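Asker: Below: one structure in structure tokens.
No value in this document is a laboratory result; all are computed from the given coordinates. Not measured: the values here are computed from a predicted model. Virtual Cβ from ideal backbone geometry, glycine too; neighbours counted across all protein chains shown.
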Amino acid sequence: MITTTPTLSPVLIAGLPLRLLPPIALQPLLDTLMGTLRRRHPEVFTRLGCIDNPVYEIDPIDLPFRFLLRMTATAPRLRAARDTDAGLDQAGATIRGPLLTLIELLEGRTDGDALFFSRRLTISGDTEAVVALRNALDDAEVDLLGDILASAGPLASPLSRALGVAGHIFKRAALDLETVRGAILEPVTARLDGHETAARELEARITELQHGGRRRRREAP
Amino acid sequence: MSAPPASAAGKPLELVCPAGTPAALKAAVAAGADSVYLGFRDETNARNFPGLNFSRDELAESLRVAHGEGVKVLVAVNTFPEAGNPDPWHRAVDDAAGMGADALIVADIGLAAYAARNHPETRRHLSVQAAASNPQAIRFYAEELGVKRVVLPRVLTIAEIAALNARISVETEVFVFGGLCVMAEGRCSLSSYVTGVSPNKDGACSPASHVRYEDAGGRLASRLAGSMINAFEPGEPAAYPTLCKGRFRHRGIASYLFEEPSSLSLVHLIPELQAAGVTALKIEGRQRGRAYVSQAVAAFRRAVDAAAEGRAVQVDELVGISEGQRDTTGAYQRGWK
């Protein structure tokens with residue numbers, strides 16, 4: 001299986017205690033999300049009409065869960081699962097990447113092909129189903145927070161404020177973790193830089209010796 | 001990358017931008033497109049990909065959106081009709097013209113004749129798929145079929161384009177960014193040979209239904225109709241799963257025999273294209289997401305406006321959305337001849 005190693009991020013840290021949570025505990029939230037998608041973006045299912053049984057495994061590599069996404073127009077469903085869940089076998093295709101990258105893709109804020117070229121996203125299984133899902137979602141102009149708030153009724157205002165605070169904390173934590181990551185990697189980076197310089201010098205020396213050898217052969221009587 | 005000062009400053013060149021969905025069309029319009037090209041959701045256009053393209057209703061609404069902002073809509077009906085079954089292509093031409101498209105982009109000579117006969121009032125542009133690259137061919141399309149613009153195949157140098165423009169009276173449009181096709185446009189059968197699905201008739205090169213990605217000992221392998229065509233080391237930028245960009249082993253060495261994965265980018269050559277008498281610049285990528293459309297169109301909008309004003313401009317943001325994370329000037333600056 002092609003895997004992508006997650007980088008140190010707030011999602012990875014936050015995901016560690018989630019290992020204790022049974023996947024079923026996420027179901028009310030996931031049901032709300034899918035209900036909102038169906039209600040506010042029905043055209044997604046029209047565009048996916050070209051795919052028989054569109055079932056996907058979504059694997060955010062920095063979370064301890066995977067998700068089984070069934071995108072049938074009549075009964076769409078999103079379900080969390082452990083890596084070992086046999087139900088994941090129902091998926092015809094797998095989409096794998098960091099959670100925030102997957103959310104950016106869902107909202108059309110990043111280009112799926114560019115993510116693929118840069119290897120930040122991997123796919124396997126039924127490529128046609130993946131391409132259709134990407135195109136359908138890209139056209140839907142999903143705004144995850146906006147959609148959630150629109151479905152929250154009277155709770156929208158306090159929820160919006162809470163999400164704003166959470167977003168601020170997340171950004172701060174991401175910056176702090178980047179600093180920590182840099183500090184941990186610094187000795188290794190310095191050594192690698194040294195090796196790279198030495199390798200370049202050796203390469204230049206070899207080229208010089210090769211040119212010298214050719215010159216001597218040409219000049220030989 | 002820094003563009004040199006324009007050598008022929010003047011009216012900005014027309015920026016023709018891709019849209020695979022109505023949302024991408026809105027993104028192109030917002031980012032500064034002069035024209036948007038698109039296709040119907042079927043085999044009548046050369047980007048017949050799953051979940052992509054426009055229904056008739058979506059085209060009607062998109063025409064309203066684009067025209068409201070003064071942006072033209074060009075409808076690509078640029079595949080070749082199946083023998084004995086021209087109806088889907090005729091319907092596409094009839095519907096696009098009837099709904100008020102600003103131009104039809106056609107490749108097949110018979111379809112061009114059909115459009116000229118039945119919709120003489122609708123502009124006809126000759127698709128790159130027609131591969132018209134010399135004055136005689138272009139004059140024929142212009143004089144006999146009323147073609148007003150020719151999208152030039154990506155096989156000419158800028159000097160050749162300038163010489164061509166001096167000898168024809170119709171507008172020329174050239175690709176300036178995006179995926180490259182190594183073959184003479186519309187004449188490639190590599191994908192058909194392997195998959196049985198024709199890019200020219202069915203509208204999909206390396207159709208997604210025939211593509212698989214899998215793990216090959218830690219490498220990302222791409223397969224087309226069961227045949228492995230490339231394998232990428234961990235961290236190595238990946239490419240589209242087309243045979244022309246496959247990596248093949250010859251005398252024990254695996255290499256790109258046809259074409260390396262990279263995107264065309266002429267962002268720093270716009271002044272030269274302007275001086276060569278080109279009318280319009282085309283960005284490839286109807287199959288890409290609206291984030292790509294926004295980014296590519298905005299970058300080229302800046303570059304086109306700067307060239308028109310004779311200013312230099314710095315455009316660095318395109319490599320991140322390029323295939324293989326690399327770009328090339330392709331045949332436009334041909335170094336191998």
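Asker: Size of the stretch B:254-306 along its principal axes in angstrom, Cα-based, largest extent first?
Answerer: Answer, in whole Å and largest first: 42, 29, 15 Å.
Asker: Related question: Label A:A173 and A:R216 with points 7 Å out from Cα along Cα→Cβ: what is the distance between them in nm?
Answerer: Going by the 7 Å Cα→Cβ label model, 6.4 nm.
Asker: Give me the one-decimal Kirkwood hydrodynamic radius in Å for the stretch B:199-255, with the sum taken over alpha-carbon pairs.
Answerer: For the stretch B:199-255, inverting the mean 1/r across all distinct Cα pairs yields 12.1 Å.
Asker: A further question follows. Out of all DSSP beta bridges with both ends in chain B, state the antiparallel percent to the nearest 5.
Answerer: Details: 18 of 48 bridges.
Roughly 40 percent of the DSSP beta bridges within chain B come out antiparallel.
Asker: Ignore the peptide's own chain and count Cβ atoms of other chains within 10 Å of each Cβ in B:25-34; give me the average, rounded. The partial results should precede the final answer.
Answerer: Values: counts 1, 2, 3, 0, 0, 0, 0, 0, 0, 0.
Shielding by partners across B:25-34 averages 1.
Asker: What's the long-distance tail for the protein assembly as shown, i.e. % of Cα pairs beyond 39 Å?
Answerer: Values: 51642 of 155403 pairs.
The calculated P(r) of the protein assembly as shown puts 33 percent of pairs beyond 39 Å.
Asker: Using θ = phi - 60° and the Karplus form 6.51 cos²θ - 1.76 cosθ + 1.60, what ³J(HN,Hα) does each residue of the stretch A:90-102 get, whole Hz, x for Gly and Pro?
Answerer: These are the phi-based 3J(HN,Hα) values: 5, 5, x, 8, 10, 10, 10, x, x, 3, 5, 5, 5 Hz.
Asker: By count of other Cβ within 10 Å, fewest leading, how are B:K148, B:K11, B:K72 ordered? Present the calculation step by step, with values, prior to reporting the outcome.
Answerer: Working: B:K148 15, B:K11 8, B:K72 18.
Listed from fewest to most nearby Cβ atoms, that is B:K11, B:K148, B:K72.
Asker: Quick one, can you get me the convex hull of the C-alpha atoms of the stretch B:193-337 expressed as volume per residue in Å³?
Answerer: On the way: hull volume 23.5 nm³, N = 145.
In the stretch B:193-337, the Cα hull volume divided by residue count equals 162 Å³.
Asker: Per residue of A:119-127, count partner chain C-beta atoms within 10 Å of its C-beta, then hand back the mean as an integer.
Answerer: Numbers: counts 9, 0, 1, 4, 4, 5, 3, 4, 12.
Per residue, the number of nearby Cβ atoms from other chains is 5 on average.
Asker: In debye to the nearest 20, how big a dipole does the stretch A:35-164 give about its Cα centre with +1 on each Lys and Arg Cβ and -1 on each Asp and Glu Cβ?
Answerer: Working: 15 positive and 19 negative charges, 88 e Å.
Using only the charged Cβ atoms, the result is roughly 420 debye.
Asker: Relative contact order for the stretch B:199-255: what is it in percent, counting Cα pairs under 8 Å that are at least 6 residues apart?
Answerer: With pairs under 8 Å counted, the relative contact order is 23 percent.
Asker: Another one. For A:D62, what residues show an amide H to amide H distance below 5 Å, using hydrogens built from the backbone and excluding near sequence neighbours?
Answerer: A:L99
Asker: What relative contact order, as a whole-number percentage, does the stretch A:10-151 give when Cα pairs under 8 Å and 6 or more residues apart are counted? Show your work: numbers first, answer last.
Answerer: On the way: 211 pairs, mean separation 36.7, N = 142.
Result for the stretch A:10-151 is 26 percent.
Asker: With just the Cα atoms defining each centre, how far is the stretch B:295-337 from the stretch A:125-168? Give it in Å.
Answerer: Rounded to whole Å, the Cα centres lie 33 Å apart.
Asker: What translational diffusion coefficient, to the nearest whole µm²/s, does the stretch A:154-221 have by Stokes-Einstein, given a Kirkwood radius computed over alpha-carbon pairs, a temperature of 25 °C and 0.890 mPa s viscosity? Don't skip to the end; give the middle numbers.
Answerer: Values: Rh = 17.3 Å.
Once the numbers are plugged in, D ends up at 142 µm²/s.
Asker: So, one more: Which percentage, to the nearest 5, of the DSSP beta bridges contained in the protein assembly as shown is antiparallel?
Answerer: Values: 31 of 66 bridges.
Rounded to the nearest five, the antiparallel share is 45 percent.
Asker: Can you tell me the relative contact order of chain B? Whole percent, Cα pairs under 8 Å, sequence separation 6 or more.
Answerer: Once normalised by length, the contact order is 26 percent.
Asker: Then there's this: Taking the radius of gyration and the Kirkwood hydrodynamic radius from Cα positions alone, what is the Rg/Rh ratio for the stretch A:10-151, to two decimal places? The partial results should precede the final answer.
Answerer: On the way: Rg = 14.3 Å, Rh = 15.4 Å.
A ratio of 0.93.
Asker: Quick one: which residues, 5+ away or cross-chain, put their amide H under 5 Å from the amide H of B:G310? H built at 1.01 Å from N.
Answerer: Under 5 Å from the amide H of B:G310 lie the amide H atoms of B:A6, B:G10, each far enough along the sequence or on another chain.
Asker: Separate question: Is there a quick way to get the dipole size of the stretch B:30-183? I mean about its Cα centre, with the Cβ of Lys and Arg at +1 and of Asp and Glu at -1; what is the value in debye to the nearest 20? Display every interim value, and only then the final one.
Answerer: Details: 14 positive and 19 negative charges, 72 e Å.
Dipole size: approximately 340 debye.
Asker: Once you average over the residues of B:318-327, how many Cβ atoms of partner chains fall within 10 Å of each Cβ?
Answerer: Numbers: counts 0, 0, 5, 7, 3, 4, 2, 4, 1, 0.
Partner-chain Cβ atoms within 10 Å, mean over residues of B:318-327: 3.
Asker: Okay, moving on. Using +1 on the beta carbon of Lys and Arg, -1 on that of Asp and Glu, and nothing else charged, what's the dipole of the stretch A:154-221 about the Cα centre, debye to 20? List each step's numbers first, then the result.
Answerer: On the way: 12 positive and 9 negative charges, 70 e Å.
Roughly 340 debye for the stretch A:154-221.
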